[in-house]
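Novice: Structure incoming, see below.
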Amino acid sequence: MVSAKSKASNKVIFVFLLIFAVAILYPLLFILNNSFKGKFFISSDPFSLPNGETFAGLTNYANGLMKTGLLNAIGWSFFITIVSVVFLVLFTSMTAYYVTRVKSVYSNALYYMFVFSMVVPFQMVMFTMTSLADRFHLRNPLGMCILYLGFDAGLSVFMFAGFVKSIPLEIEEAAMIDGCTPLQTFFGVVFPILKPTAITVAILDAMHVWNDFLLPYLVIGISTKYKTIPVVVQMLVGSNGNKDMGALMAMLVLSIIPIIIFYLTCQKYIIEGVVAGAVKG
Amino acid sequence: MEKTLKKYFLIFTLPTVIAFAFAFLIPFVQGVYLSFCKFTTVSNATWVGLKNYQDAFSGGQGFMSALGFTASFTVVSVITINLLAFTIALLLTRKIKGTNVFRTVFFMPNLIGGIVLGYTWQQMINAVLYKYETTIVANAKFGFWGLVLLMNWQMVGYMMIIYIAGLQNVPTELIEAAKIDGATPWQTLIKVKVPMVMSSITICMFLTLSNSFKLFDQNKALTDGAPMKKTQMLALNIYETFYGRTGYEGVGQAKAVVFFIIVVAIALVQLSFTRSKEVEQ
């Protein structure tokens with residue numbers, strides 16, 4: 001069935017896809033390439049590879065790290081992301097279980113408020129949330145994790161609740177008859193079944209928290225040591241008119257590396273998770 | 001079982017509910033109230049009725065021009081992203097060599113955060129424009145098409161994955177039958193494949209629509225509204241109204257409420273679209 005004509009057209013398609021792949025990778029290669037050039041050569045000759053004269057070794061990386069404290073920021077980004085995701089998976093799965101299994105005004109009201117919160121844009125609560133966080137001393141990494149638990153609760157509860165509905169009641173009833181408390185039933189029986197959804201929720205929330213700029217920028221601010229990666233990158237560019245482009249390139253590269261590693265190691269889960277989130281949300 | 005679980009409502013729901021109250025519920029209610037007030041902090045508000053809303057829409061606030069820019073940006077990026085993503089999804093479902101590698105590469109930009117992405121593209125675009133002795137902030141057209149390019153680069157891979165999932169669910173018998181009936185590849189595409197993936201198309205249209213409409217980080221990083229706020233989108237306009245100068249917090253909050261209402265309207269249209277599809281099937 002495979003004719004010569006379709007073989008030829010497959011070749012054309014392959015070349016087209018290859019060009020597109022290069023277009024996708026090019027911006028990343030561009031900053032990687034320029035991160036190794038002396039800062040004065042970047043604007044004069046941005047597209048060539050570094051040579052003897054323009055090659056700056058790791059100077060840009062050293063300069064950038066000294067100026068920005070990006071390593072600290074990577075640490076805090078990791079801390080806030082991991083703790084927030086643990087909070088979210090643990091607490092919102094419990095809440096979703098409760099609001100699905102218990103039919104009361106309280107649980108109905110909760111469920112609809114969670115769904116409603118998914119639609120509301122951040123700008124709506126930006127100012128008031130920041131001042132509330134100030135009054136209750138949440139302007140620190142742990143406080144950020146609590147805010148993320150609240151802010152991403154909508155999507156997470158919604159995803160978990162959708163899955164809990166499909167679990168047959170008999171399993172839980174059997175556990176209860178055997179004398180399990182609701183907590184034992186949830187963690188012993190229900191949570192293991194929820195694992196695929198837990199992975200999806202963890203990935204979606206991790207991507208949001210890791211990349212989020214405005215919440216940490218407003219709540220933690222720029223004058224503390226708890227800055228996250230996007231805040232540091234914004235400061236490096238936004239603060240001084242006479243910017244060090246070499247350092248900027250190097251810091252952009254360092255900000256992207258953790259994401260690429262994460263992506264290449266958990267690619268399958270990430271793609272599945274993001275698609276599941278898109279289809280349900 | 002429901003009765004026993006009901007007694008555990010504190011353990012199951014309290015952590016999420018407290019965080020949700022801090023991050024969303026209280027700020028949301030306060031936000032709606034404050035949009036009718038003049039204030040500089042949450043505690044010194046005085047009621048001014050609809051004045052903030054009048055001010056928001058009056059000239060000099062840039063809200064209407066931001067709305068115009070956001071709307072045209074959204075239309076152009078929704079069309080370009082979906083056309084490109086659908087085309088590539090078609091090509092990748094033809095069993096071409098290297099399909100998996102292409103998928104991996106195309107999806108990757110979706111994971112990188114808006115701030116980091118925005119500065120990466122700013123450096124790239126400026127590197128080209130330096131050759132013509134200009135920069136991206138010199139002309140609003142550069143900013144507009146720069147944003148469209150960036151948004152395409154980031155979202156095409158994501159939408160492509162959703163389209164691929166849809167295309168793979170089209171029964172092969174259907175396509176075979178169309179071929180036997182003498183349909184050209186183009187007819188098969190328009191009359192068989194497109195109607196069969198209508199639900200994926202709806203999902204992708206609304207995902208790109210709401211992501212483009214609510215865009216903030218990329219806009220802030222790429223142009224920050226320059227020149228003369230001409231490339232300022234709604235979310236950035238609201239942010240600038242809050243934090244750009246004091247005395248306009250109420251107007252900012254009123255704009256945020258309007259923004260929220262538009263976003264909810266879009267979501268409701270999406271919901272009715274999805275519902276009507278479900279009835280048909």
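Novice: Out of B:THR80, B:THR104, B:THR87, B:THR120, which single residue is β-branched (Val, Ile, Thr) and in contact (Cβ under 8 Å) with a residue 40 or more places away in the chain?
Specialist: B:THR80
Novice: I would also like to ask the following. Could you run through segment A:50-86 and say how many residues are of a type in the set (Gly, Ala, Ser) and touching a Ser or Thr at 6+ places or on another chain (Cβ under 7 Å)?
Specialist: 2
Novice: Which count do you get for residues in segment A:70-85 that are within 12 Å of another protein chain (Cβ to nearest Cβ) and closer than 21 Å to A:PHE187 by Cβ?
Specialist: Qualifying residue count, segment A:70-85: 1.
Novice: Conditions first: (1) exposed (fewer than 13 other Cβ atoms within 10 Å of the Cβ); (2) at positive phi. A:GLY221 passes all but one, so which condition is the exception?
Specialist: (1)
Novice: Yes or no: segment B:251-262 includes at least one residue that is without any contact (Cβ under 8 Å) to a residue 12 or more places away in the chain and within 14 Å of chain A (Cβ to nearest Cβ).
Specialist: yes
Novice: Under the condition of being facing chain B (nearest Cβ under 9 Å) and not hydrophobic (A, V, I, L, M, F, W, C), which residue from segment A:12-43 is farthest from the chain's Cα centre (by Cα)?
Specialist: Within segment A:12-43, the match that is farthest from the chain's Cα centre (by Cα) is A:SER43.
Novice: Looking at A:ALA56, A:ALA23, which is the one that is surrounded by 17 or more Cβ atoms within 10 Å (Cβ to Cβ) and not assigned by TED's automatic domain parsing to the domain that holds A:GLY154?
Specialist: After ruling out the rest, the residue left standing is A:ALA56.
Novice: Do we find that B:PHE260 is within 22 Å of the chain's Cα centre (by Cα), at pLDDT 95 or above, assigned to a helix (DSSP H, G or I) and of a type outside the set (Lys, Arg) in this structure?
Specialist: Yes; evaluated as a whole, the condition is true for this residue.
Novice: With segment B:1-72 as the region, which helices (runs of 4 or more DSSP H) entirely inside it contain at least 3 residues that are at pLDDT below 90, surrounded by 15 or more Cβ atoms within 10 Å (Cβ to Cβ) and not acidic (Asp, Glu)?
Specialist: none
Novice: Next up: Counting only residues that are closer than 30 Å to B:GLY98 by Cβ and free of Cβ contacts under 8 Å to residues at least 60 places away in the same chain, give me the helices (runs of 4 or more DSSP H) lying completely in segment A:1-106 with at least 1 of them.
Specialist: Because the criterion is at least 1 residues that are closer than 30 Å to B:GLY98 by Cβ and free of Cβ contacts under 8 Å to residues at least 60 places away in the same chain, the helices (runs of 4 or more DSSP H) in segment A:1-106 that meet it are A:4-34.
Novice: Scan segment B:217-257 for residues that are outside any helix (DSSP H, G or I), farther than 23 Å from A:HIS208 by Cβ and of a type in the set (A, V, I, L, M) and jot them down.
Specialist: B:ALA226, B:MET228
Novice: Those residues that are within 11 Å of another protein chain (Cβ to nearest Cβ), part of a helix (DSSP H, G or I) and loosely packed, with under 14 Cβ neighbours inside 10 Å, I need them from segment B:73-110; list them, please.
Specialist: B:ASN100, B:VAL101
Novice: OK, next. Say whether the condition of being in a helix (DSSP H, G or I), farther than 30 Å from A:ARG135 by Cα, at the interface with chain B (Cβ under 9 Å from one of its Cβ atoms) and more than 16 Å from the chain's Cα centre (by Cα) is met by at least one residue in segment A:189-207.
Specialist: No, that holds for no residue.
Novice: Could you list, in sequence order, the residues of segment A:1-47 that are modelled with pLDDT under 80 and in contact with a Ser or Thr (Cβ under 8 Å, 6 or more places away or on another chain)?
Specialist: Result: A:PHE41, A:ASP45.
Novice: Quick one: in segment A:89-118, which of the residues that are surrounded by fewer than 19 Cβ atoms within 10 Å (Cβ to Cβ) and in contact with a Leu (Cβ under 9 Å, 6 or more places away or on another chain) is nearest to the other protein chains (Cβ to nearest Cβ)?
Specialist: A:MET113
Novice: Counting only residues that are assigned to a helix (DSSP H, G or I) and small (Gly, Ala, Ser), which one in segment B:147-186 is surrounded by the most Cβ atoms within 10 Å (Cβ to Cβ)?
Specialist: Checked segment B:147-186; the qualifying residue surrounded by the most Cβ atoms within 10 Å (Cβ to Cβ) is B:GLY157.
The values are calculated or read from the model by the stated rules, or taken from the named source; none is laboratory data. If you're wondering where the values come from, they're calculated on a predicted model, not measured in any experiment. Don't worry about glycine lacking a Cβ; one is built from the backbone with ideal geometry, like all the others, and counts go over all protein chains shown.
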